[in-house]
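Before any comments, here is the structure.
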Amino acid sequence: MCGITGILNLNNRAPITEHSLRQMLGMIRHRGPDGFGIYLDDHAGLGSARLSIIDLSSGDQPISNEDGSLWIVFNGEVFNYVELRPLLERRGHRFSTQSDTEVIVHLYEEYGPDCLRHLNGQFAIAIWDANRRSLFLGRDRLGIRPLFYTKYDGRLLFGSEIKTLLAYGVPAEIDPLALDQIFTYWSTLSPRTVFRNLRDVPPGHYLLIEDGKFRLERYWALDFTPDAGAARTEQDYLEEFEHLLVDATCIRLRADVPVGAYLSGGLDSSTTAAIIRNFTDTPLDTFSISFSDPEFDESQFQQFMARFLGTQHQVVYTRHADIGRIFPQVIWHTETPILRTAPAPMYLLSELVRQNHYKVVLTGEGADEFLAGYDIFKEAMVRRFWARQPRSRLRPLLLQRLYPEITALPNTSAYLASFFAEGLDDVDAPEYSHAIRWRTTRRAKRFFSEHLQAAIEAQTAREQPTIPYPPEFMSWHPLHRAQWLEATIFLSQYLLSSQGDRPAMAHSVEGRFPFLDYRVVEFCNRLPPQLKLFGLKEKYLLKRLSSKWLPQEIWQRRKRPYRAPIHRSFFPQDGADSWIRELLSPEWLRKAGFFKPEAVAQMVRKLEAGKPLGETDDMALAGILSTQLVYQLFIYDFEMSPPAAEGEIHKRFIRQTIREEQG
């Protein structure tokens, strides 16, 4: 696991300086505190900040092929490198390390960009071909690891985090349309980021730059086309699922350092922990979050599972004030506004993991998206059922079984019928499953300033942004359409980033996700819908499988989504912190220019009077504060970290014919 960065000269003839790479690397020291590496020639520079997990002694990057024509920096893990290496050796490739990184560079030498199809892992890859003068940037199928780029000053710049690009000197400017998307979908739509002209390499894509030409290609996509072969029994599916999930978990234990696991007390993390216990002899420490607020706390189930599995269990206790205190640090790492505070406890959890000398944890992300664990899938099913008899008084009552964790949501039949009835008969709309969520989130845009609204309207007219639905989308089962939307937008753009990679890597902790093994994902996507959502019973096949390993109290539990308190974290009884009052002041709101000072002031007065906020205003508060923080941290007062020092450079390869003063 690492952070990577680099520079490619496009039409800038000035030599790339080592100091530029060192400064960019300094911004992601948290991603790789175990040492830096640099490659530099007349046309390109690569940088690596290493978190040593595999091949501790010889795995420093950059790494080259035999003749030094290909150089790689790599963030992530390739879990099937053990199987790939002998195949490459039989083809004549010679290895000088035991790392997974070197497997990739030889695989690229053999297959070119198609090498990505052979990888089972989570990765962001940069390979420089010195002979062809081409740069290859590749990202894993689901976007587990980040990779950003931009063109600036006649150069292409790339990095694991946006702050590497800003450290080079790229100006930061908020993209109005990005804010519009965040306050609708909870994230931007890839490749857009919150900053104008800064892009990400989309999940399942690679970017190849050669002869000044950019080629962005997709190499993998979510596909929910059902099995076309012979009919299969439920038992057939169950046996294949067990084989895949056990193997996906076991290969994610490959490391030269100890591996721990998150244990939320729910089905998914309990299942992966139980597989480790039942199928390996790996010592297991588990980690979880508990809350002082009982509305969010699941510690009784976490402790129950820890006792059942016999793990050494560690807990981070989270109070409202803790979330408010660390929120600015969280946004420094997310590099984007967020409408939830859930990443903050995850930040504290990764800190606990690191304090216990762990660098790697397994977690249960992905099961809810690909095995239909969320209430949004049930909501869409109930609304479609209701739409067939829209005058029915009984059918909308099924909605009372959804979203019990949202205590502010009135559960009366009249309210539910009114709230969920909008657009009820629009069942052929591609966004049908998510229309209610997006409509609710959009209400937070009433805080947008007139200037921001005008900028969004003008930009929308020019760009006409749309969700990139695949051509076959409407031929899929309605559940599968909903799953595609959830996985493409919520999972890849928010959950794996702001709530996954960023808070974990803030403390140099790598998360690994058995349910996101591409073989497991492809298997789940081919499943008949009823094996995922059986009536209103979520994750049906997973529950059947997990009943072999878990106590009934866990595998039969209703899904409870991970959430964290919002307004009580920022406005506790003893008053808001000074940074909150400052960023929500009329002066700072006018300075940034994104929100109406009078509307925000009204919300603040309500909070100071001790009145609770509804769900939409809760999201608005988190969104406003985090947007103000993005403005403060990255635009108004961007602070550079110390550049990588000479003593921190573990590997350096420089072959420039003309060099500037490295200053």
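Nothing in this text is a laboratory measurement; each read-out follows from the coordinates by a stated rule. The model shown is predicted, which means the values in this text are computed figures rather than measured ones. Backbone-built Cβ (ideal geometry, glycine too); neighbour counts: all protein chains shown.
Using r as the Cβ-Cβ distance of His19 and Asp428, and R0 as 60 Å, what FRET efficiency do you calculate, to the nearest 0.05?
According to the calculation, E is roughly 0.55.
How much space per residue, in cubic angstrom, does the convex hull of the C-alpha atoms of the stretch 1-58 take up?
Taking the convex hull of the Cα positions in the stretch 1-58, it is 77 Å³ per residue.
Among Thr363, Thr188, Ser585, whose Cα projects farthest towards the positive end of the dipole of the chain, with charges put on the beta-carbon of Lys, Arg (+1) and Asp, Glu (-1)?
Ser585
Enumerate the aspartates and glutamates that Lys651 could reach by cross-link, defined here as Cα to Cα under 14 Å, with residues fewer than 8 away along the same chain left out.
Glu18, Asp34, Asp60
Give, rounded to the nearest 20 debye, the magnitude of the charge dipole that the chain has about its Cα centre when Lys and Arg contribute +1 at Cβ and Asp and Glu contribute -1 at Cβ.
1520
If one computes P(r) from the Cα atoms of the stretch 247-295, what percent of pairs lie at distances over 13 Å?
Summing the P(r) of the stretch 247-295 above 13 Å gives 60 percent of all pairs.
Which residues among the stretch 525-543 fall inside the zone where the amide N is under 15 Å from a point 7 Å beyond the Cα of Arg232, along Cα→Cβ?
The answer is 525-532, 541-542, whose backbone nitrogens lie closer than 15 Å to the label point.
Once R0 is set to 56 Å, what does the formula 1/(1 + (r/R0)^6) return for the Cβ-Cβ distance between Glu239 and Ala458, expressed as a FRET efficiency to the nearest 0.05?
Once rounded, the FRET efficiency stands at 0.50.
First obtain the Kirkwood hydrodynamic radius of the stretch 200-284 from its Cα pairs, then insert it into the Stokes-Einstein equation at 37 °C and 0.692 mPa s, and state the resulting D in µm² per second as a whole number.
Estimated via Stokes-Einstein, D reaches 194 µm²/s.
Could you check the simple spin-label distance between Glu615 and Asn197, using points 7 Å along Cα→Cβ, in nm with one decimal?
So the label points at Glu615 and Asn197 sit 4.0 nm apart.
Taking a cut-off of 18 Å between Cα atoms, list the aspartates and glutamates near Lys548, but don't count ones fewer than 8 places away on the same chain.
Glu234, Asp236, Glu239, Glu240, Glu242, Asp247, Asp268, Glu538
Counting other C-beta atoms within 10 Å, which of Leu397, Leu491, Leu253 has the fewest, and how do the rest follow?
Leu397, Leu253, Leu491
Which of the listed residues, Ile209, Tyr219, Val170, is farthest toward the dipole's positive end in the stretch 151-291, when Lys, Arg count +1 and Asp, Glu count -1 at the beta-carbon?
Projecting each Cα onto the dipole axis, the largest value belongs to Val170.
Taking a cut-off of 16 Å between Cα atoms, list the lysines near Lys532, but don't count ones fewer than 8 places away on the same chain.
Result set, ordered by chain and number: Lys378, Lys543, Lys559.
Hand me the GluC sites (Glu not before Pro) from the stretch 91-182 located in a DSSP loop with no more than 14 other Cβ atoms within 10 Å, in residue order please.
Sparse-neighbourhood loop GluC sites (Glu not before Pro): Glu173.
Which of the pairs Lys163/Lys213; Lys359/Lys445; Lys445/Lys611; Lys151/Lys445 have their Cα atoms more than 28 Å apart in this structure?
Listed pairs above 28 Å: Lys359/Lys445; Lys151/Lys445.
Sketch the reach of a paramagnetic label on Asn12 as a point 7 Å from Cα along Cα-to-Cβ, and name the residues of the stretch 139-169 whose backbone nitrogen lies under 12 Å away.
Zone members listed by number: 150-158, 165-169.
Using a simple spin-label model with points 7 Å from Cα along the Cα→Cβ vector, what separation in nm is obtained for Thr466 and Glu598?
Rounded to a tenth, the inter-label distance reads 3.9 nm.
Charges on Cβ only, +1 for Lys and Arg, -1 for Asp and Glu, centred on the Cα centroid of the chain; of Ile72, Ser299, Pro529, which one is farthest towards the dipole's positive end?
Of the listed residues, the answer is Pro529.
In the stretch 131-171, whose amide N lies under 18 Å from the spot 7 Å out along Cα-to-Cβ of Asp211? List them in ranges.
131-136
Taking the stretch 285-389, which GluC sites (Glu not before Pro) meet the DSSP loop condition and have no more than 14 other C-beta atoms within 10 Å?
Those satisfying the criteria are Glu295.
When Cys524, Cys250 are ordered from fewest to most other Cβ atoms inside 10 Å of their Cβ, what list results?
With the fewest neighbours first, Cys524, Cys250 line up as Cys250, Cys524.
Over the stretch 3-85, what relative contact order in percent results from Cα pairs under 8 Å that are six or more residues apart?
After rounding, I find 28 percent.
For P(r) over Cα pairs in 10 Å bins from 0, in percent, the listed values are [x] 3, 15, 26, 28, 19, 8, 2, 0; [y] 3, 14, 23, 25, 19, 11, 5, 1, 0; [z] 3, 12, 17, 16, 13, 11, 9, 7, 5, 4, 2, 0, 0, 0; which was obtained by calculation from the structure presented?
Given [x] 3, 15, 26, 28, 19, 8, 2, 0; [y] 3, 14, 23, 25, 19, 11, 5, 1, 0; [z] 3, 12, 17, 16, 13, 11, 9, 7, 5, 4, 2, 0, 0, 0, the calculated one carries the label [x].
With an 8 Å Cα cut-off and a minimum separation of 6 or more residues, compute the relative contact order for the chain in percent.
It comes to 20 percent, rounded to a whole number.
Report relative contact order for the stretch 567-636 in percent, whole number only (criteria: Cα-Cα under 8 Å, sequence separation at least 6).
Across the stretch 567-636, relative contact order equals 36 percent.
With the calculation restricted to Cα positions, what are the radius of gyration and Dmax of the stretch 233-325 in angstrom?
For the stretch 233-325, the Cα-based Rg and Dmax read 15.6, 53 Å.
State the extension gain, in nm to one decimal, for the chain segment bounded by Gln656 and Asp114, taking 0.36 nm per residue of separation less the distance between their alpha-carbons.
The span from Gln656 to Asp114 would gain 192.1 nm if fully extended.
Please report, in whole Å, how far the alpha carbons of the stretch 141-209 spread along each principal axis, starting with the longest.
The Cα atoms of the stretch 141-209 stretch 34, 28, 17 Å along the principal axes, largest first.
What share of the DSSP beta bridges in the chain is antiparallel, in percent to the nearest 5?
75
Based on C-alpha coordinates, I'd like the Rg and Dmax of the stretch 567-636, in Å.
Rg and Dmax of the stretch 567-636, Cα atoms, are 11.5, 33 Å.
Compute the length gained on full extension between Ala421 and Glu89: take 0.36 nm times their separation in residues and subtract their Cα-Cα distance, giving the result in nm to one decimal.
113.4 nm
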